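**Q** My questions all concern the structure below.
The values are calculated or read from the model by the stated rules, or taken from the named source; none is laboratory data. It should be emphasised that the depicted structure is a prediction, and the values quoted were computed from it without experimental measurement. Here Cβ is always computed from backbone atoms with ideal geometry, including for glycine, and neighbour counts include all displayed protein chains.
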Amino acid sequence: MTAPTSTPSDTEQLQSLAAAMEALRGQVAERVVGQRAAVDGILTAILGGGHALLVGVPGLAKTLMVSTVAEALNLSFNRVQFTPDLMPGDITGTELVEEDPATGKRHFRFVAGPVFAQVVLADEINRTPPKTQAALLQAMQEHNVTVAGQTYPLPAPFFVLATQNPIEQEGTYPLPEAQLDRFMLELRLGYPSRQEEEAIVVQTTGGHRAEVHPVLDGAALTGMQALVRRIPVSESLVAAAVLLARMTRPNEAEAPALIREFVEWGAGPRASQYLVLGAKARAAMDGRPQADLDDVKAVARDVLRHRLMTNFAAEAADRTAEDVVSELIDGTEWSKGA
């Protein structure tokens, strides 16, 4: 008689997940100096099954960070350099007419574009017109692509990690709000410290290139995503996350004076979903079996900052969406009772 095989408990799986995330951070650190918060943000989005927008000036290793994460996860990776002349078919793929040399008959054959990868780096996504930007909308939301009436599934897991330069506006096309809302997180990258910059110079001006070894694969990552969704949250925590999202909407009764004065449009329901999913992912990365209010607070800025549209009063007062979100999160009204 064969003995029954035991399956690891969620607690054991959480410990394995936390260990894998720490190993993943270590592999990324072999090539990327510093930027721990941005790396953690990318991992949070990946575990939550969402996409991330990386915003930072040139030279902060945004592209290197994304490609290294994909390599450490052992996922297929494609980079698309967005330019003003890029067409939707250059991303999604196109149908070609082929002729059978034996019969002379012609038929269409679909040639997949670079979006057919598990990790897609949309480099400088705001450099291409809205028509081409919109080619990613269906892929990001539904994980499939429709070309000439035929729908093709994308590989799983699937993530879009996009980069954007915040200081160069010449020849750029701001992302529409509908597309911004599909990014789970907007991650802001800052300049490295002096010690980090010295380490960058030493590492990048020599002849050695660090090797990155895979820590996970697609199947293991999919299992971890399912585990993250099983992490419990209290009803009061869900209520606090929903209240925080609703407080960003100037027409809601919950909106404080700050929002009514400076915000034109607030965050939609995706913000509530991503606040909770992000909190679960952060708890899982620490190996904790339940998310708490600090986890919500940790992801709130990244979830909300790109979902608020400020008005002319905010511009006149020199208040950005980042300022408004920070003041809102630092308040205590939304977290009472959680």
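**Q** Would you be able to say whether some residue in the range 272-282 is part of a helix (DSSP H, G or I), closer than 25 Å to GLY26 by Cα and at pLDDT below 90?
**A** Taking every residue of the range 272-282 in turn, none turns out to be part of a helix (DSSP H, G or I), closer than 25 Å to GLY26 by Cα and at pLDDT below 90.
**Q** Another question, then. Please go through (1) part of a loop (DSSP other than H, G, I, E, B); (2) out of contact with any Leu (no Cβ under 8 Å at 6 or more places or on another chain); (3) within 30 Å of ASN74 (Cβ to Cβ) for GLU196 and return the number of the only condition it doesn't satisfy.
**A** Among (1) part of a loop (DSSP other than H, G, I, E, B); (2) out of contact with any Leu (no Cβ under 8 Å at 6 or more places or on another chain); (3) within 30 Å of ASN74 (Cβ to Cβ), GLU196 violates only (1).
**Q** Tell me the strands (runs of 3 or more DSSP E) entirely within the range 92-148 that contain at least 1 residues that are at pLDDT below 85. Outline the logic, then answer.
**A** Details: elements: 93-99, 106-112, 119-123, 144-147.
Once the strands (runs of 3 or more DSSP E) in the range 92-148 are filtered for at least 1 residues that are at pLDDT below 85, what remains is 93-99, 106-112, 144-147.
**Q** Within the range 217-260, track down each residue that is out of contact with any Lys or Arg (no Cβ under 8 Å at 6 or more places or on another chain) and within 13 Å of PRO157 (Cβ to Cβ).
**A** Hits for the range 217-260 are ASP217, GLY218, ALA219, ALA220, LEU221, THR222, GLY223, MET224, GLN225, ALA226.
**Q** Just to be sure, is VAL201 of a type outside the set (Asp, Glu), farther than 21 Å from VAL66 by Cβ and either surrounded by fewer than 16 Cβ atoms within 10 Å (Cβ to Cβ) or in contact with a His (Cβ under 7 Å, 6 or more places away or on another chain) (or both)? Give the derivation first.
**A** Values: of a type outside the set (Asp, Glu): yes; farther than 21 Å from VAL66 by Cβ: yes; either surrounded by fewer than 16 Cβ atoms within 10 Å (Cβ to Cβ) or in contact with a His (Cβ under 7 Å, 6 or more places away or on another chain) (or both): yes.
Taking the combined requirement at face value, the residue satisfies it.
**Q** Considering (1) within 22 Å of ALA245 (Cβ to Cβ); (2) surrounded by fewer than 17 Cβ atoms within 10 Å (Cβ to Cβ), say which one ASP181 fails and leave the rest.
**A** (2)
**Q** Please state which one of LEU54, LEU14 is under 22 Å from ASP295 (Cα atoms), over 16 Å from the mean Cα position of the chain (by Cα) and either at pLDDT below 90 or of a type outside the set (Gly, Ala, Ser) (or both).
**A** Numbers: LEU54 fails: over 16 Å from the mean Cα position of the chain (by Cα).
So the residue among LEU54, LEU14 that is under 22 Å from ASP295 (Cα atoms), over 16 Å from the mean Cα position of the chain (by Cα) and either at pLDDT below 90 or of a type outside the set (Gly, Ala, Ser) (or both) is LEU14.
**Q** Just to check your reading of the model, which residue among ALA61, ALA52, ALA70 is at positive phi and surrounded by 19 or more Cβ atoms within 10 Å (Cβ to Cβ)?
**A** ALA61 is the lone residue from the list that is at positive phi and surrounded by 19 or more Cβ atoms within 10 Å (Cβ to Cβ).
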